[in-house]
Amino acid sequence: MFSKMQWGLMAGVLALSLGAGVALAAMSADDAIKARKACMKIGHGGVMGVAVPIMKGEKPFDAAALKVAFAAEDAACKDYASLWGVDTQKGDKETTHAKAEIWSDPKGFEAAGGDWYKADQAVRAATDEASFKVAFPALGKSCQSCHEKFRAPLQ
Amino acid sequence: MKRILQALGALALLGLGVVWVITTPVALTSAVLPDHVADLENGKLLFNAGGCISCHAPGPDVKDVAADVPAGGKPLKTPIGILYPPNLTPDPQSGLGNWKLQAFLAAMQQGLHPDGNHLIPAFPYGSYRSMTFGDVADVFAYLNSFPAVKNQVPAHEVIGLPIVRRGLTFWKWLALSQPVWKPDAAQSDSWNRGAYLVNGPGHCQECHTPRTLFMTLDTSRAFMGGPHPEGKGKVPSLHGLVERARYKDAADLVSAFQNGEVLGYEHMSGGGMGEVQGNLSKLPEADVKAIAEYVLSLK
């Protein structure tokens, strides 16, 4: 799991990369798009895959399974900050659903990322089913709020 | 030669004159409206089903007004330019305070403004005209129950707006001659309720049905999805949602409408659907179930 400082650093780097419009890592647009889609689908999606059945009451609260999913999310999203350079608005071969608003409203995008981070931390801190069920809706909402503004329909 | 040109000029003028006359909107005659006792609870339901707040939300510079008050001004980007949906609160100058129910009906069912202009169909009156008189009257009563907010919204940023409004005559001839939604006696009450909410107030077809060359709904391809009407991205088809394994069953789709991405339903966020889902989540469960029943009957 990442420490608070590491996440904080990442948020700072994200702000820099967006604000200055520089791609930090020497990564092609296709690689960046591929990597951020993997973060979304495997990382975030993996957390949802474990969390949603617990929310729906189909499965019991499972701290161990959640821990594994969050670790996988950390791994899949580790270069997050460097995946949104202005030169990644379009891929070469890779399709992207990222909307231009990410780059025309960098503050809004950052805030949406911040909301997700806070909600994600709160869910990680949950120790039992009751506290988990209180914390989780804000996390799901944070995915939706960012997608409403910054992601085109998936089709 | 000169005579021919003059004749052509005269013909052209005559043509323009005819166009001007036939594009002059015809206001509603003051027909006597049926008696109606307003039901605010029902008005609120239809306000939510109709998603009025998604477009008429307060703009960024409206201060101290709750986000669920339809004070207007939130910019709506469309291919013809930026529109500023007007203030629907009962303020007499900047809102609907001076509107009579008759005028409101004409807006909702015929796309007419009291000043005689055609309204731009980004305001989905093509669908709202399938709403019953009672439901429209209840929405009006509900709007009048909001506090009056003084907020004159900015003028639309559309090049040649007066001409665009005139040109709408032709679009309206085509679009408003399509039949309004009618109940199907062969189906259950709940199916009909769902069909009404989807095709009337819910205006789901405005996004989920592709358009013809003339920008009217291509009803032969109803709910088949296509390019997004606001210009970017695609809207998915609503046919065969269970057959294509997008949802397990009706209960799963109901859960998707009620919770959206909060319970991991991935296809309910982008392109305006997030707001639609938020509005649907405010409806009584029986209505959400009816909508799901109808949608899943689209094979």
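The values are calculated or read from the model by the stated rules, or taken from the named source; none is laboratory data. This one's a predicted model, so the numbers in the text were calculated from it and none came from an experiment. Note: ideal-geometry Cβ built from the backbone for every residue, glycine included; neighbour counts use all protein chains shown. The protein model used for the area step is the full one, side chains on, heavy atoms only, and it has no ligands, DNA or RNA in it. Shrake-Rupley method; radii C 1.70, N 1.55, O 1.52, S 1.80 Å.
For first residues located in the stretch A:68-81 and of a type in the set (F, W, Y), partners that are open to solvent by 30 Å² or more (accessible area, probe 1.4 Å) and lie 6+ apart or on another chain with Cβ distances below 6 Å form the pairs A:F70/A:R124. Among the residues here, B:A245 qualifies as open to solvent by 40 Å² or more (accessible area, probe 1.4 Å) and modelled with pLDDT of 95 or more.
Scanning the stretch B:279-299 for residues that are polar (S, T, N, Q), open to solvent by 20 Å² or more (accessible area, probe 1.4 Å) and under 21 Å from the mean Cα position of the chain (by Cα) turns up just one, B:S281.
Entry remark, the stretch B:225-274: residues being touching an Asp or Glu at 6+ places or on another chain (Cβ under 8 Å) and under 19 Å from A:H44 (Cα atoms) number 4 in total. When the criteria are applied in full, B:V235 fails the requirement of being open to solvent by less than 40 Å² (accessible area, probe 1.4 Å), without any contact (Cβ under 8 Å) to a residue 24 or more places away in the chain, within 11 Å of chain A (Cβ to nearest Cβ) and in contact with a Pro (Cβ under 7 Å, 6 or more places away or on another chain).
Evaluating B:E206 against the criteria (1) under 25 Å from B:V288 (Cβ atoms); (2) buried (at least 20 other Cβ atoms within 10 Å of the Cβ); (3) touching a residue at least 40 places away in the same chain (Cβ under 8 Å) leaves one unmet condition, (2).
Residues in the stretch B:249-278 that are outside any helix (DSSP H, G or I), open to solvent by 20 Å² or more (accessible area, probe 1.4 Å) and within 7 Å of another protein chain (Cβ to nearest Cβ): B:G264, B:E266, B:H267, B:G271. In the stretch A:138-155, the residue that is farthest from the other protein chains (Cβ to nearest Cβ) out of those that are touching a helix residue (DSSP H, G or I) at 6+ places or on another chain (Cβ under 8 Å) and among the charged types (D, E, K, R) is A:K149. Assessment of the stretch B:44-53 against the conditions (open to solvent by less than 70 Å² (accessible area, probe 1.4 Å), in contact (Cβ under 8 Å) with a residue 40 or more places away in the chain and assigned to a loop (DSSP other than H, G, I, E, B)) yields at least one matching residue. Of all residues in the stretch B:93-144, those being under 24 Å from B:R211 (Cβ atoms), assigned to a loop (DSSP other than H, G, I, E, B) and not β-branched (V, I, T) number 11. Just so you know, in the stretch B:69-92 the residues that are part of a loop (DSSP other than H, G, I, E, B) and modelled with pLDDT under 95 include one that is most open to solvent (accessible area, probe 1.4 Å), and it is B:P79. Being in contact (Cβ under 8 Å) with a residue 60 or more places away in the chain, within 21 Å of B:S54 (Cα to Cα) and surrounded by fewer than 17 Cβ atoms within 10 Å (Cβ to Cβ) is the filter here, so list the residues in the stretch B:123-157 that pass it. Within the stretch B:123-157, B:S145, B:P147, B:Q152, B:P154, B:A155, B:E157 qualify. Going through the stretch B:259-284 one residue at a time, which ones are in contact with a helix residue (DSSP H, G or I) (Cβ under 6 Å, 6 or more places away or on another chain) and closer than 23 Å to A:V134 by Cβ? Selection gives B:G260, B:E261, B:V262, B:L263, B:G264, B:Y265, B:M268, B:S269, B:G274, B:Q277, B:S281, B:K282. Considering only residues in the stretch A:52-110 that are in contact with a helix residue (DSSP H, G or I) (Cβ under 7 Å, 6 or more places away or on another chain), among the polar types (S, T, N, Q) and in a loop (DSSP other than H, G, I, E, B), the one that is least open to solvent (accessible area, probe 1.4 Å) turns out to be A:T96.
Inclusion of A:A135 among residues that are part of a helix (DSSP H, G or I), hydrophobic (A, V, I, L, M, F, W, C) and either within 13 Å of chain B (Cβ to nearest Cβ) or open to solvent by 50 Å² or more (accessible area, probe 1.4 Å) (or both) is warranted.
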